[in-house]
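Have a look at the structure below before the remarks.
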Amino acid sequence: PNRLNVVRNDNTSWDYTKPFLLHRDRGKGRQRQAILGEHPSNGYGPHCPLLPLPANSSSVAMVSGLNPTKTNCSHIFNLFCLYGNVEKVKFMKSVPGTALVEMGDEYAVDRAVTHLNSIKVFGKKLNVCVSKQQAVIPSQVFELADGSSSYQDFSLTRNNRFNSTHSSRNIIQPPAAVLHFYNAPPTLSQHQLLKLCSEHDVPTFTKFKVFDAKTSSKTLSGLLEFSSKTEAVEALTVLNHHQIRIPSSSSPFTLKLCFSTSSHL
C-alpha cells in the first residue's frame, strides 16, 4: 500500500506525525492530561513525539539507597516533581531506605528513572527503577526519623507542576550544579538565601544571579550555582517549595526550584 493507517500509538505501532494518538489502555492519568491539551513529556519548547514505553512500564517508581535519617516524603516529592506529577510517596517499613513513588503516568516514571538513577544525595547513591507495583497503597504506615509520616498523598497539592496549562513551561533537565529559582519574594536577598541554606543544614551556593524583572513583577527569579551537582541536588531536595513569609504580604511565597539549563554563571 501507498499509505499506512495507524490508529493508535503504542508498543506495536506509532504514527510520528500524530504523537498524541491515545493508547486507550494507558490509564486515566494520561487521558486526563491529554484532554487538558498538555502532555507531561513536554520539556521547554514545542511538542515532541513520545516514544513507546517498554511493556513492563508502570506509573510507580521504586527508589532505594535513600538516607533514612535525612529523607522524608516531602523531600522525595521535591525531587521527583521535576519530572512529572507525584501522586503518593510511601517508605517501605520492611526495606529501610526504600520508597515507592506513584506518579501521574508511566512517562513521568520513565523520565525520573532516566534523570535520577545513580545520583548521590546525602551521602548515598540512589537506585531508581520502575516498580512492579501499579499503585501505592497506604499500608504499614510508621514514623520516620524526623517524626513525619512514612506515607503522604500529594495528589491534591498545588505544587505539582504538570497539571495546568503552564505545564509546557517546565524545564526538564538532568541534575546540575546550577539551580533556577522562581516565585521568590521580590525583596529576597542573597544573604537571606544563604541564611536559609544554613538554617536547613544544606550546602550553600557559591554564585548568585537575579534576573531583571519588570517593575510590576510581584516575584523574584534567578540562578544559584553550587560547587557540585550533588550539593545542588541536596539543596533542592530540602528547600524546593519552602514557604517564605515577608511582613508586607499576608500570604507566604512558595520558593520553587528546578535544575537550570545553564552550566555555570
Checking LEU265, LEU223, LEU239, LEU255 in turn, the sole residue that is outside the structural domain of ASP201 (by TED's automatic domain parsing), under 30 Å from SER118 (Cβ atoms) and hydrophobic (A, V, I, L, M, F, W, C) turns out to be LEU265
Checking the conditions here, which among VAL109, VAL101, VAL95 is within 20 Å of PHE80 (Cβ to Cβ), surrounded by 13 or more Cβ atoms within 10 Å (Cβ to Cβ), touching a residue at least 24 places away in the same chain (Cβ under 8 Å) and out of contact with any Lys or Arg (no Cβ under 9 Å at 6 or more places or on another chain)?
VAL109
Being out of contact with any Asp or Glu (no Cβ under 9 Å at 6 or more places or on another chain), within 19 Å of SER64 (Cβ to Cβ), modelled with pLDDT of 95 or more and crowded, with 17+ Cβ neighbours inside 10 Å, is that true of even one residue in the range 146-162?
yes
Grab the strands (runs of 3 or more DSSP E) fully contained in the range 43-134, keeping just those with 2 or more residues being at pLDDT below 95, acidic (Asp, Glu) and touching a strand residue (DSSP E or B) at 6+ places or on another chain (Cβ under 6 Å).
none
Of the candidates PRO138, PRO175, the one satisfying the condition of being assigned to a loop (DSSP other than H, G, I, E, B), in contact (Cβ under 8 Å) with a residue 40 or more places away in the chain and in contact with a His (Cβ under 8 Å, 6 or more places away or on another chain) is PRO175
Go through the range 201-229 and give me each residue that's surrounded by 17 or more Cβ atoms within 10 Å (Cβ to Cβ) and touching a Pro at 6+ places or on another chain (Cβ under 9 Å).
LEU220, PHE226
Just to verify a result, which residue in the range 178-204, among those that are of a type in the set (Gly, Ala, Ser) and not in a strand (DSSP E or B), is farthest from the chain's Cα centre (by Cα)?
SER189
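The values are calculated or read from the model by the stated rules, or taken from the named source; none is laboratory data. Bear in mind that the values here come from a model prediction, so they are computed numbers and not experimental data. Every residue, glycine among them, receives a Cβ derived from its backbone with ideal geometry; neighbour counts consider all protein chains shown.
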